[in-house]
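Asks: Take this structure first; my questions come after.
The values are calculated or read from the model by the stated rules, or taken from the named source; none is laboratory data. Keep in mind it's a predicted model, so treat the numbers as computed, not measured. Heads up, the Cβs are rebuilt from the backbone with ideal geometry, glycines too, and the neighbour counts pull from every protein chain shown.
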Amino acid sequence: MEFFEPVLGPILTLLEPKSLCEIGIDKGRFSDHLMEFCSQQDCRYTGIDPSIDGDLLKQKNNAEFKLMKCSSIEALHEIEPQDIYIIDGDHNYFTVKEELKLIFRHKENRPVLFFHDTGWPFGRRDLYYKPDSIPQKERQPYSTVTGPWPGKSELVDIGFCANESNTHIALDNGGPKNGVLTAIEDGLSEQIVPKGYHLQTLPILFGCSILYPANSIPQKALKKLVELENGTTLLHPTLELMETNRMTLYLHLLASWEKFEKLHNSYEELMKGYKELMDQYGDLHDHSDKLLGAYKDLKNYKDSLEAQLKNNA
Ligand SMILES: C[S@@+](CC[C@H](N)C(=O)[O-])C[C@H]1O[C@@H](n2cnc3c(N)ncnc32)[C@H](O)[C@@H]1O
């Protein structure tokens with residue numbers, strides 16, 4: 001999400017929030033930017049992630065920033081309504097829909113929401129960090145060993161996030177109740193999100209969507225968001241192609257890297273075998289030298305015996 005900072009930073013400033021909640025912190029790369037922003041803007045920061053790193057929790061959880069080591073659904077029940085939500089947690093339909101329900105249960109609040117992973121691959125395909133935390137009937141069948149590949153609907157061995165220990169990826173792409181963007185769109189059509197909200201999406205870097213109440217935000221922020229949407233609309237086909245190209249190259253790079261690692265490992269194995277054979281060859285060579293020496297001694301002895309025989313005859 002941090003790559004969006006140059007675009008989102010000025011918008012955040014123009015929105016003049018007094019509270020901001022980040023869902024999904026991971027290593028805290030984007031959190032650092034957000035915390036700095038909050039310090040400068042006198043805005044309260046709350047971060048939520050069930051797997052927050054212990055050191056991060058110790059360093060950053062203080063009077064200025066609040067960090068919660070739990071799921072978004074647990075935390076959103078507790079925290080007060082926020083001006084901004086940045087949602088980059090569990091990328092699946094059920095979780096995002098629940099997050100929307102919890103955020104918009106505060107009827108008077110009109111927050112602005114930023115979502116990551118609304119493009120390929122998780123815009124239309126669920127990912128579960130912990131499938132058991134999602135009711136079974138709300139879950140798509142998933143794989144833990146294969147991942148999505150640009151332009152293919154079925155998962156493949158060398159696809160995105162394939163074989164990563166904490167990811168479980170829906171077998172199908174698209175269809176009802178599948179993916180982050182589908183959840184937001186359904187949230188709008190089912191009026192979980194109040195009327196007057198507008199959704200716009202940047203189709204790059206896994207996709208970033210902004211959901212905002214056009215009539216309740218500062219005019220300057222609205223102007224910036226409209227400019228961004230106009231630019232994005234104009235460039236949309238090219239941006240989509242670039243994103244597909246980026247992901248294809250990235251996945252080929254990862255696959256080549258994996259292949260290289262496998263080749264490197266078998267090279268190391270071969271070198272180990274070669275060294276063992278060389279050691280054995282050295283031992284045999286020493287042994288052969290000794291045999292040759294013994295043979296020479298025997299031959300000298302035989303020659304001396306023959307000479308004695310000749311003398312005695
Ligand atoms: C893609 S990473 C977030 C990256 C981060 N926003 C950044 O820009 O660097 C997703 C994070 O969401 C967290 N997560 C998973 N399930 C969650 C949930 N139910 N609520 C909150 N966070 C969750 C994961 O532990 C993981 O650290």
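Asks: So how many residues does region 191-211 have that are hydroxyl-bearing (Ser, Thr, Tyr) and over 27 Å from LEU241 (Cβ atoms)?
Replies: 1
Asks: Given the residues GLY9, GLY28, GLY47, which is the only one that is touching a Ser or Thr at 6+ places or on another chain (Cβ under 7 Å), without any contact (Cβ under 8 Å) to a residue 40 or more places away in the chain and closer than 23 Å to SER209 by Cα?
Replies: GLY47
Asks: Something else about it: Of everything in region 165-186, what is within 15 Å of PHE206 (Cβ to Cβ), free of Cβ contacts under 8 Å to residues at least 60 places away in the same chain and in a loop (DSSP other than H, G, I, E, B)? Give them in sequence order.
Replies: THR167, ASN173
Asks: Does ASP88 count as under 30 Å from THR144 (Cβ atoms), touching a Phe, Trp or Tyr at 6+ places or on another chain (Cβ under 8 Å) and surrounded by 24 or more Cβ atoms within 10 Å (Cβ to Cβ)?
Replies: No, not satisfied.
Asks: Taking region 119-176, which residues are more than 13 Å from TYR93 (Cα to Cα) and among the aromatic types (Phe, Trp, Tyr)?
Replies: TRP120, TYR142, TRP149, PHE160
Asks: Let me spell it out: the conditions are (1) surrounded by fewer than 20 Cβ atoms within 10 Å (Cβ to Cβ); (2) assigned to a loop (DSSP other than H, G, I, E, B), and ASP132 meets all of them except one. Which number is the exception?
Replies: So ASP132 meets the others, but not (2).
Asks: Here is a follow-up. Can you spot a residue in region 36-52 that is over 26 Å from GLU185 (Cβ atoms), at pLDDT below 95, surrounded by 19 or more Cβ atoms within 10 Å (Cβ to Cβ) and in contact with a Leu (Cβ under 7 Å, 6 or more places away or on another chain)?
Replies: Among the residues of region 36-52, at least one is over 26 Å from GLU185 (Cβ atoms), at pLDDT below 95, surrounded by 19 or more Cβ atoms within 10 Å (Cβ to Cβ) and in contact with a Leu (Cβ under 7 Å, 6 or more places away or on another chain), which makes the answer yes.
Asks: Just to be sure, is GLU138 under 30 Å from LYS259 (Cβ atoms) and surrounded by fewer than 16 Cβ atoms within 10 Å (Cβ to Cβ)?
Replies: Numbers: under 30 Å from LYS259 (Cβ atoms): no; surrounded by fewer than 16 Cβ atoms within 10 Å (Cβ to Cβ): yes.
No: the conditions fail for GLU138.
Asks: Could you figure out which of (1) touching a Pro at 6+ places or on another chain (Cβ under 6 Å); (2) free of Cβ contacts under 8 Å to residues at least 24 places away in the same chain isn't true of GLU154?
Replies: Just one mismatch for GLU154, condition (1).
Asks: Filter region 79-104 for residues that are within 13 Å of the ligand (Cβ to nearest atom), among the hydrophobic types (A, V, I, L, M, F, W, C), touching a residue at least 40 places away in the same chain (Cβ under 8 Å) and assigned to a helix (DSSP H, G or I) and give the result.
Replies: Listed by number, the residues that qualify are PHE94, VAL96.
Asks: For region 231-257, which positions are within 17 Å of the chain's Cα centre (by Cα), of a type outside the set (Phe, Trp, Tyr) and under 20 Å from GLU164 (Cα atoms)?
Replies: Matches in region 231-257: MET247, THR248, LEU249, LEU251, HIS252, LEU253, LEU254, ALA255.
Asks: Additional query: Tell me which residues, restricted to region 163-179, are under 22 Å from GLU138 (Cα atoms) and either of a type in the set (D, E, K, R) or surrounded by 14 or more Cβ atoms within 10 Å (Cβ to Cβ) (or both).
Replies: THR167, HIS168, ILE169, ALA170, LEU171, ASP172, ASN173, LYS177, ASN178, GLY179
Asks: Same structure again: Any residue in region 142-164 that is of a type in the set (A, V, I, L, M), touching a Leu at 6+ places or on another chain (Cβ under 8 Å) and not in a loop (DSSP other than H, G, I, E, B)?
Replies: So far as region 142-164 goes, no, none of its residues is of a type in the set (A, V, I, L, M), touching a Leu at 6+ places or on another chain (Cβ under 8 Å) and not in a loop (DSSP other than H, G, I, E, B).
Asks: When you look at LEU127, is it in contact with a helix residue (DSSP H, G or I) (Cβ under 8 Å, 6 or more places away or on another chain) and within 16 Å of the ligand (Cβ to nearest atom), yes or no?
Replies: When the stated conditions are applied, LEU127 does not pass them.
Asks: Let me ask something else. For region 182-218, enumerate the residues that are of a type in the set (Gly, Ala, Ser) and surrounded by fewer than 17 Cβ atoms within 10 Å (Cβ to Cβ).
Replies: Hits for region 182-218 are SER189, GLY196, ALA214, SER216.
Asks: Sort out which residues of region 58-76 are hydrophobic (A, V, I, L, M, F, W, C) and surrounded by 16 or more Cβ atoms within 10 Å (Cβ to Cβ), and write them in order of number.
Replies: Across region 58-76, the qualifying residues are PHE65, LEU67, MET68, ILE73, ALA75, LEU76.
Asks: Let me ask you something else. Of all the helices (runs of 4 or more DSSP H) wholly in region 1-78, which have at least 3 residues that are within 16 Å of the ligand (Cβ to nearest atom) and within 19 Å of the chain's Cα centre (by Cα)?
Replies: In region 1-78, the matching helices (runs of 4 or more DSSP H) lie at 29-41.
Asks: Does VAL112 qualify as being crowded, with 23+ Cβ neighbours inside 10 Å, of a type in the set (Val, Ile, Thr) and over 20 Å from the mean Cα position of the chain (by Cα)? Steps first, please.
Replies: Working: crowded, with 23+ Cβ neighbours inside 10 Å: yes; of a type in the set (Val, Ile, Thr): yes; over 20 Å from the mean Cα position of the chain (by Cα): yes.
It is true that VAL112 is crowded, with 23+ Cβ neighbours inside 10 Å, of a type in the set (Val, Ile, Thr) and over 20 Å from the mean Cα position of the chain (by Cα).
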